1. Give me the pairs: first residue in the range 83-111 and assigned to a strand (DSSP E or B), second residue at pLDDT 90 or above, beta-carbon distance under 6 Å, and six or more apart or on different chains, which are they?
2. Restricting the search to the range 10-26, which residues are under 16 Å from residue 65 (Cβ atoms) and not in a loop (DSSP other than H, G, I, E, B)?
3. Please specify each residue of the range 43-57 satisfying the condition of being surrounded by fewer than 18 Cβ atoms within 10 Å (Cβ to Cβ) and not in a loop (DSSP other than H, G, I, E, B).
4. In the range 58-74, which residues are in contact (Cβ under 8 Å) with a residue 12 or more places away in the chain, more than 15 Å from residue 37 (Cβ to Cβ) and either under 13 Å from the mean Cα position of the chain (by Cα) or not in a loop (DSSP other than H, G, I, E, B) (or both)?
5. Quick one: which residue in 103, 108 is farther than 16 Å from residue 3 by Cα and surrounded by fewer than 12 Cβ atoms within 10 Å (Cβ to Cβ)?
6. In the range 22-42, which residues are surrounded by 13 or more Cβ atoms within 10 Å (Cβ to Cβ) and more than 12 Å from the chain's Cα centre (by Cα)?
7. Need pairs with beta-carbon distance below 6 Å; first residue under 13 Å from residue 100 (Cβ atoms) and within the range 28-44, second in a loop (DSSP other than H, G, I, E, B) and modelled with pLDDT of 95 or more; sequence gap 6+ or separate chains.
């Protein structure tokens, strides 16, 4: 349900959105499709967000934002060290999400 709400919000902003309901599905999609930005929930079934991020970094430099409900300073440092561009806290600040998307879009498609 959260994934669908996230999708609807971003699609209303004009973005194309793809969702995966667990870490294995998400990893498979990332391996076979091109994405400008990936949002990972830290608490996904089968493979958590941290494990998916570790796998992604073996084959891609796609920007990744990890979403978590519990974030300590040491956990944030670890996630950033693994290659995430940012850690986002739940509940999500949609203005921050939109700003992040805009920043990534500008860096991948400069005017």
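The values are calculated or read from the model by the stated rules, or taken from the named source; none is laboratory data. Keep in mind that what you see is a predicted model, and the values were worked out from it rather than measured. Using ideal geometry, Cβ is built from the backbone for each residue, glycine included, and neighbour counts are taken over all protein chains shown.
1. Correct list of pairs: 86/65; 87/66; 87/76; 87/79; 88/65; 88/67.
2. Within the range 10-26, 10, 23, 26 qualify.
3. 51, 54, 55, listed by residue number.
4. 68
5. Being farther than 16 Å from residue 3 by Cα and surrounded by fewer than 12 Cβ atoms within 10 Å (Cβ to Cβ) holds for just one of 103, 108, which is 108.
6. Matches in the range 22-42: 22, 24, 25, 29.
7. Correct list of pairs: 37/63; 38/62.
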